[in-house]
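One structure is given here, and the rest of the page talks about it.
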Amino acid sequence: MFLGLFLGRILGIVRELTLAGHLGASSTADIAIALITLPDIIINIFIGNATAAVFIPKIQRKSNDVKFRYFLKLSSTFLISFSLLSLLLFLNIDLLANAILPAQQSSDIFVSQLKWTLFAIPFLALNSVSRLFLQNENKFGLIGLENVIFNVLIIFAIQFIAGPESMHYVTAAVISGSVLRWLVQALQIFKIYRQQNPLSSNDHLSLQRNDFYRFTQALSTGLIIQVIPIFARSMSSYFSGAGGLSIFNYVYKFTEFPLALGSSIIAAVVFPKLSKLYVENKDDYLRLNRKTHELILLATLPLCIIGPTLIIKTLPYFNQLKILDHLQIPTLAIACALTIAFLGIRALNEYYIVLMNSQNDVKTPLKSSFIAAPFGFVAIVSFSSSHGVIGAFLGLNIFYTLVLGFNIYFMQKYLDIKFKDLYFNKRNVFTVIGAFIFSALVYILF
């Protein structure tokens with residue numbers, strides 16, 4: 001699964017490089033990015049990872065014929081629900097266009113193609129159902145490769161873009177990629193359950209009101225973290241005009257790459273160990289926590305200092321390359337440097353969520369995000385109105401910093417995790433000092 005995720009992320013970077021090289025930071029690139037990302041944005045807002053958290057425990061230890069019947073029932077429910085959601089969005093397409101890409105809301109081509117991309121949403125919802133059943137059966141290969149399928153089609157479609165009038169290639173790739181991701185997984189599920197008769201057993205699982213109440217609770221945990229960056233990219237388009245969304249997307253995708261891989265490793269490797277040790281051996285739990293925390297500090301602090309330094313120092317050389325003029329290099333570089341400088345804060349937040357979840361606590365991360373959200377919205381609007389896309393990143397990073405502060409405060413107050421254990425033991429102090437010394441040496445040598 002990790003190899004599939006890694007390949008999918010690499011192809012995601014290739015996709016962004018292809019977009020940047022072919023379309024630069026322009027209104028055409030803005031439209032392409034909005035069309036490519038809209039269906040996933042909708043699914044992340046209304047589904048996220050909540051399906052697995054709620055429904056996997058319900059289908060575990062059930063017979064295959066019961067699982068197959070429940071798969072059909074859950075798929076039909078999601079298909080109907082998200083078809084109605086797509087219809088609602090279709091009827092309010094002007095409001096949706098204004099929310100996703102304010103700078104191009106009056107573009108007839110953008111609005112017409114946006115309508116077509118809504119057809120991808122029900123298939124992505126079905127994909128979320130098929131994914132959770134494959135997870136339950138420990139079939140991770142297709143889950144890891146689903147982004148590979150999608151990105152390959154998008155990269156191929158980008159080659160045919162000659163301007164806004166040829167956006168139908170991107171729309172076709174988005175729809176076909178969404179259908180193919182679901183179809184491949186659904187065929188695998190039918191293969192697993194192919195000898196099962198959904199009418200052969202009296203045992204059954206029903207969809208209950210409590211299922212969707214728990215689904216809403218699980219979804220709310222990550223909803224704010226999803227919405228704030230979406231709001232920031234919308235403000236980038238609104239205040240920066242053509243190219244604002246492109247720059248935000250390129251910077252966010254490139255800087256998120258190491259964070260996403262690190263989070264996958266922590267979630268896949270560290271989280272199960274922490275959860276087990278918290279119950280069985282508190283001393284080993286604290287020891288593993290300290291060791292992981294030190295590694296995160298050691299990996300992120302030099303990056304947060306050296307990365308922005310290298311970007312700013314090399315900016316004059318890139319400015320001399322006329323071939324990169326269409327990318328708005330100064331704005332892109334400053335936004336990238338600013339985001340990398342705060343990458344350590346985001347990494348620590350990701351780890352602290354894992355740490356709290358290892359103690360079976362999902363409410364504290366939600367509480368921290370909920371309290372920080374109003375400040376984040378205000379900061380994004382305020383700074384993006386005066387500094388455009390750079391201000392949007394500044395406001396977004398202020399939000400992440402506030403979330404980190406509240407997470408540390410609540411861990412100190414309510415959980416078995418003390419601030420001194422995280423920062424004021426000798427090893428952590430030497431780790432931080434060593435990271436700064438290493439960064440200073442690289443800066444001097446450079």
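What's the percent breakdown of Cα-Cα distances in the range 2-207 across 10 Å bins, shortest bin first? Reading the bins upward from 0: 8, 32, 32, 18, 8, 1.
Efficiency by 1/(1 + (r/R0)^6): what FRET value for Lys291 and Asn138, r their Cβ-Cβ distance, R0 = 30 Å, to the nearest 0.05? Step by step, r from the Cβ atoms, then E = 0.60.
The packing ranking of peptides 234-246, 173-185, 298-310, highest mean first, is 234-246, 173-185, 298-310, where packing means the average number of other beta carbon atoms within 10 angstrom of each residue. With a threshold of 20 Å on the Cα-Cα distance, the over-threshold entries among Lys62/Lys191; Lys67/Lys191; Lys115/Lys253; Lys291/Lys363 are Lys115/Lys253; Lys291/Lys363.
Readers should treat all values here as calculations from the given coordinates under stated rules, not as data from a laboratory. All figures in this text were calculated on a predicted structure; none of them were measured in a lab. Counting neighbours? That spans all protein chains shown, and the Cβs are built from the backbone with ideal geometry, glycine included.
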